[in-house]
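Visitor: This structure is in structure tokens; I'll ask about it shortly.
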Amino acid sequence: MKELKERILKDGKCFSGGILKVDSFINHQMDPILMKSIAEEFVRRFDGTEINKVITVEASGIAPAIMVGYLLGLPVVFAKKKQPSTMENMLVTEVFSFTKNQPYTICVSKDYLQPGDKVLFIDDFLANGNAGKGILDLVRQAGAELAGMGFIIEKAFQEGGKLLRSSGIHIESLAIIESLDDCQIKLT
Ligand code: 5GP
């Protein structure tokens, strides 16, 4: 996706440990015009796939997911990172955070992820695939089906893409970072 790639090269900032900061248009300040184009591209790439719900993880996945849900006319569920004391019937799993270097739990109510649901997972980054694995676990616990996974940015020098694709999941990434070595952003 040309527009996204150009924006990453223009405004993305490289940090040590293979981290790309896109705080000026995705992760802190958000560009809704670019986000709309991102969502349109996801819709195009998953055209023909049977989906009845979009799922994401709070917080950075919510913006692209809600845009995709809006375009498809489908509900959007976000996995919460803290289990609310007022909510029962939760499906829970553990995810290892790449950026925080520690595990955290994510949960979704059984009311909003149900047997037979065909869900599309949308997130901002694909790094080691831990968030994706966590969502897959919640989907399986619910007896639902994963229709695919869409990421705005995939870092191909980390293992997530290979790992998730090797388990047969339809993955679409709109911009693929080949390397961040020497703080140079190299896109495929
Ligand atoms: P994974 O679960 O694939 O290992 O990591 C993906 C999650 O970690 C994303 O949801 C994102 O929040 C965060 N993440 C991983 N790598 C980066 C990065 O380079 N930059 C930013 N901003 N977030 C990242």
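Visitor: How far apart, in nm, are two points set 7 Å out from the Cα along the Cα-to-Cβ line at GLU50 and at THR86?
Guide: So the label points at GLU50 and THR86 sit 3.7 nm apart.
Visitor: Rank GLN114, GLN29, GLN158 by mean-square fluctuation in a GNM of the chain with C-alpha springs under 10 angstrom and give only the top-ranked residue.
Guide: GLN29
Visitor: Where only protein heavy atoms count, and the probe is 1.4 Å, what is the accessible area per residue for region 25-89 in Å²?
Guide: Computed with neighbouring chains in place, this is 57 Å² per residue.
Visitor: Roughly how many nanometres apart are two label points built 7 Å out from the Cα toward the Cβ at GLU94 and GLN114?
Guide: Simple spin-label model gives 3.1 nm for this pair.
Visitor: Give the carbon-plus-sulfur fraction of the accessible surface of region 89-182 in %, rounded to a whole number; probe 1.4 Å, heavy atoms of protein chains only.
Guide: Here it works out to 45 percent.
Visitor: Taking the solvent-accessible surface of protein heavy atoms with a 1.4 Å probe, what is the per residue accessible area of region 140-188 in Å²?
Guide: Here the residues of region 140-188 average 47 Å² of exposed surface.
Visitor: So in region 93-188, what percent of DSSP beta bridges are antiparallel if you round to the nearest 5?
Guide: Taking every DSSP beta bridge with both residues in region 93-188, the antiparallel ones total about 35 percent.
Visitor: Below 13 Å, Cα to Cα, which aspartates and glutamates can LYS186 reach? Residues fewer than 8 away in the same chain don't count.
Guide: Within the straight-line cut-off, LYS186 pairs with GLU6, GLU154, GLU178.
Visitor: Calculated FRET efficiency, LEU187 and ALA59, Cβ-Cβ r, R0 41 Å, to nearest 0.05?
Guide: Using R0 = 41 Å, I get an efficiency of 0.95.
Visitor: Ordering CYS107, CYS14 by how much accessible area each has at a 1.4 Å probe, largest first, what is the list?
Guide: CYS14, CYS107
Visitor: Another question, if that's okay. Name the longest site-free stretch of the chain, where the excluded sites are trypsin sites (Lys or Arg not before Pro) in a DSSP loop with no more than 11 other beta-carbon atoms within 10 Å.
Guide: Maximal segment without exposed cleavage sites: 101-188.
Visitor: Now a separate question. Of the DSSP beta bridges with both residues in region 17-117, give the percent that are antiparallel, rounding to the nearest 5.
Guide: Antiparallel: roughly 70 percent of the beta bridges in region 17-117.
Visitor: In terms of modelled amide H atoms, which long-range or inter-chain residues lie less than 5 Å from the amide H of ALA144?
Guide: GLY116
Visitor: Still on this model: From the protein chains alone at 1.4 Å, what is the descending order of accessible area for LEU136, LEU72, largest first?
Guide: LEU72, LEU136
Visitor: From largest accessible area down, sort THR86, THR99; use a 1.4 Å probe on the protein chains.
Guide: Accessible-area ranking of THR86, THR99, largest first: THR86, THR99.
The values are calculated or read from the model by the stated rules, or taken from the named source; none is laboratory data. Everything numeric in this text was worked out from a predicted model, so none of it was measured. All Cβ positions, glycine included, derive from the backbone under ideal geometry; neighbour counts span all protein chains shown. Heavy atoms of the whole protein, side chains included, go into the accessibility calculation; ligands, DNA and RNA do not. Shrake-Rupley method; radii C 1.70, N 1.55, O 1.52, S 1.80 Å.
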